[in-house]
Amino acid sequence: MSGESLGKGLVILDRDGVINHDSEAFIKNEAEWRPIPGSLDAIAALTRAGFTLAVASNQSGLARGLFDQQALDAMHAKMLGLVHDAGGRISRIVFCPHGPDDACDCRKPKPGLLEQLARHFNTSLEGVPVVGDSLRDLQAAAAVGARPILVRSGKGRKTEAALPEQFAGVPVYDDLAAAARALIEEAA
């Protein structure tokens, strides 16, 4: 268990399509990992406001053989470095390395990644904001009693257009920057 204080609380972010540009061909290396404009500053703003940030990301490109652990580590090192340079901090990254047919419990929409974060931070996920761009992000959040938030970046516009009735009341923001502003205002 972590002794880390959660400050104003935990905020969990999806990676591809929320923090960085996504690709149908997968983000396979450090060079392809490009931040969405405003996302690094949004993480910095959340950090300055006292939130603890974590990332929960499906990375089936590992299982598909599109990249290896070393490439994923390099992408995450780049992300963490750029976040740090912007004045932010991501306290924990968890990812699912499995493919869609592997029957694991960590691939979103299953809640395993979020449960890993709850154990790490020794906290309940009840009401914890989970920001994502896909239905599976929202489903994983709902499965653990967290608070799903949709952003229109990445696959978000497509997700919003086909949102099932159960997620009709989910807050929707243009991007992580807009979602961060709302969370900071709400906590003030």
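The values are calculated or read from the model by the stated rules, or taken from the named source; none is laboratory data. A quick note: this is a predicted structure, and the numbers were derived from the prediction, not measured. Methodologically, a virtual Cβ is constructed for each residue, glycine included, from the backbone with ideal geometry; neighbour enumeration extends over all protein chains shown. Areas reflect the complete protein model, heavy atoms only, side chains present, ligands, DNA and RNA absent. Shrake-Rupley method; radii C 1.70, N 1.55, O 1.52, S 1.80 Å.
Key figures
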read-out: Longest to shortest principal axis, alpha-carbon extents of region 72-132, angstrom; value: 37, 28, 20
read-out: At R0 = 45 Å, FRET efficiency that the Cβ-Cβ distance of HIS84 and ALA168 yields, to 0.05; value: 0.75
read-out: Listed peptides 174-183, 158-167 by packing density, highest first (mean Cβ within 10 Å); value: 174-183, 158-167
read-out: Radius, Kirkwood style, for region 1-114 when every pair of distinct Cα atoms is counted (Å); value: 14.6 Å
read-out: Cα gyration tensor, region 1-63 - rounded (a/c under 1.5), prolate or oblate; value: oblate
read-out: Positive dipole terminus of the chain, leading residue within ILE90, LEU150, GLY65 (C-beta point charges); value: ILE90
read-out: Among VAL170, VAL83, VAL151: highest mean-square fluctuation, GNM of the chain, C-alpha pairs under 10 Å; value: VAL170
read-out: Value in Å of the Kirkwood radius, where region 40-188 supplies the Cα pairs that are averaged; value: 16.0 Å
read-out: Only Lys, Arg (+1) and Asp, Glu (-1) charged, at Cβ; region 37-100 dipole about Cα centre in debye; value: 120 debye
read-out: Over 23 Å between alpha carbons, listed pairs LYS108/LYS155; LYS28/LYS108; LYS78/LYS158; value: LYS78/LYS158
read-out: Magnitude of the charge dipole, the chain, Cβ model with Lys/Arg +1 and Asp/Glu -1, debye to 20; value: 140 debye
read-out: Heavy-atom SASA rank of LYS110, LYS155 (probe 1.4 Å, accessible area, largest first); value: LYS110, LYS155
read-out: For ARG152, residues with placed amide H under 5 Å, excluding near neighbours; value: TYR173, ASP174, ASP175
read-out: Fraction of accessible area attributable to carbon and sulfur, the chain (%, probe 1.4 Å); value: 49 percent
read-out: Highest-fluctuation residue, ALA146, ALA25, ALA44 considered, GNM on the chain with Cα pairs under 10 Å; value: ALA25
